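The values are calculated or read from the model by the stated rules, or taken from the named source; none is laboratory data. What you see is a predicted model, and the numbers here were worked out from it, not measured in a lab. When we count neighbours, we look across all protein chains shown, and the Cβ atoms used for this are built from the backbone with ideal geometry, even at glycine. For accessibility, only protein heavy atoms count, side chains too; no ligands or nucleic acids. Shrake-Rupley method; radii C 1.70, N 1.55, O 1.52, S 1.80 Å.
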Amino acid sequence: MADFEERSGVVACETEWGRWYQTVEDVSLEINLTPGTKGREVKVDISTRRIQCQIRGTVIIKGKLFDSVIEDESTWTIEDQKLLRVLLVKSRKSDYWSSLLENGQYQPNPAQLLQMRHKLDLERFQLEHPGLDFSQANLDKQYPDMMEPYLQTQSSDQQLLGATAMPVSHVSNGENKTDDEKLLESQHQNAATRLLGEQSQSQSTEQQHNISPPSQLDNLLESVDRLSVVTDDMKQENGGGSSGDSAVTIPGGGGASGVLLDPRVTDDMKTEPAMVVEPVVTDDMKTEENESLETDEEKSGL
């Protein structure tokens with residue numbers, strides 16, 4: 001699949017000693033050497049699960065491989081006395097390596113690892129369909145087992161970019177929001193502002209329609225309950241009563257002296273002049289009166 005690699009390129013994990021990348025069939029290491037390094041100064045030991053690379057007496061790589069390799073088919077070469085290539089042939093070609101060594105040593109970041117897996121899938125498609133060319137294809141595929149680390153890395157990268165590219169006033173709690181998130185937040189803020197305005201207007205309208213504060217209204221109702229009106233008939237039934245004008249006092253709130261009301265006299269009664277009503281005597285009433293007088297005279301004559 002060398003042709004596929006040349007057309008599609010490689011997705012490599014950079015390290016302090018060089019880089020490594022993988023295909024469906026193998027894992028390749030490229031180790032930088034000091035120019036002029038000879039073959040006798042390099043020592044590479046490869047076993048089924050281990051690797052050790054020593055250059056001029058210095059151990060560059062040593063540890064347990066992520067997965068097993070075919071020892072007899074794995075090789076190493078020196079190019080131009082400045083680059084060491086190590087080829088590790090995978091025992092299980094269907095698996096991908098998430099790191100070069102166990103325990104996550106020389107592990108690419110989640111974004112690079114996602115690209116590695118996309119490239120491996122495209123390479124498998126190429127093997128299954130040799131008549132087609134998948135070298136320049138784009139694969140939009142997500143892997144559930146690595147989505148969380150990938151999203152965390154994306155968020156971290158966006159926070160770093162936002163902190164360096166945006167003014168401090170535009171960075172809130174270390175978040176760098178996308179245009180869609182900013183638009184959604186702006187809509188929420190506008191809706192909240194409009195709701196607060198409606199509530200404030202409603203409260204203002206209610207205050208305008210209130211006749212008096214609740215405390216004053218309660219005092220007025222209590223005062224009305226204590227009203228006592230005395231009429232002339234009530235006075236006669238009670239034996240007369242006071243000769244002066246009868247009044248009703250409504251206690252005022254807050255220690256006020258109160259308001260004096262006259263229950264008998266209204267404003268209309270004050271404005272209308274007093275009228276004298278004369279009794280009406282009819283002829284029948286006069287005749288009855290005369291008959292009554294004659295009867296008395298006759299009684300007296302007898």
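The table below lists the values:
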read-out: Residue within segment 74-81 that is surrounded by 13 or more Cβ atoms within 10 Å (Cβ to Cβ) and touching a residue at least 60 places away in the same chain (Cβ under 8 Å) present; value: no
read-out: Tabulated pairs, segment 115-136, first over 11 Å from Val10 (Cα atoms), second hydroxyl-bearing (Ser, Thr, Tyr) and assigned to a loop (DSSP other than H, G, I, E, B), C-beta under 7 angstrom, 6+ apart or interchain; value: Arg117/Tyr96; Arg117/Tyr143; Glu123/Thr23
read-out: Some residue of segment 114-123 being under 28 Å from Val44 (Cβ atoms) and among the basic types (Lys, Arg); value: yes
read-out: Qualifying position, being modelled with pLDDT of 95 or more and not in a helix (DSSP H, G or I), among Tyr106, Tyr96; value: Tyr106
read-out: Evaluation of Cys53 against (1) open to solvent by less than 40 Å² (accessible area, probe 1.4 Å); (2) touching a helix residue (DSSP H, G or I) at 6+ places or on another chain (Cβ under 8 Å) (one fails), failing number; value: (2)
read-out: Residue list for segment 2-17, filter: out of contact with any Ser or Thr (no Cβ under 6 Å at 6 or more places or on another chain) and open to solvent by 40 Å² or more (accessible area, probe 1.4 Å); value: Ala2, Asp3, Glu5, Glu6, Val10, Glu14, Glu16
read-out: Filtered residue count, segment 18-44, keeping only those that are of a type outside the set (Asp, Glu) and either over 16 Å from Leu87 (Cβ atoms) or loosely packed, with under 13 Cβ neighbours inside 10 Å (or both); value: 10
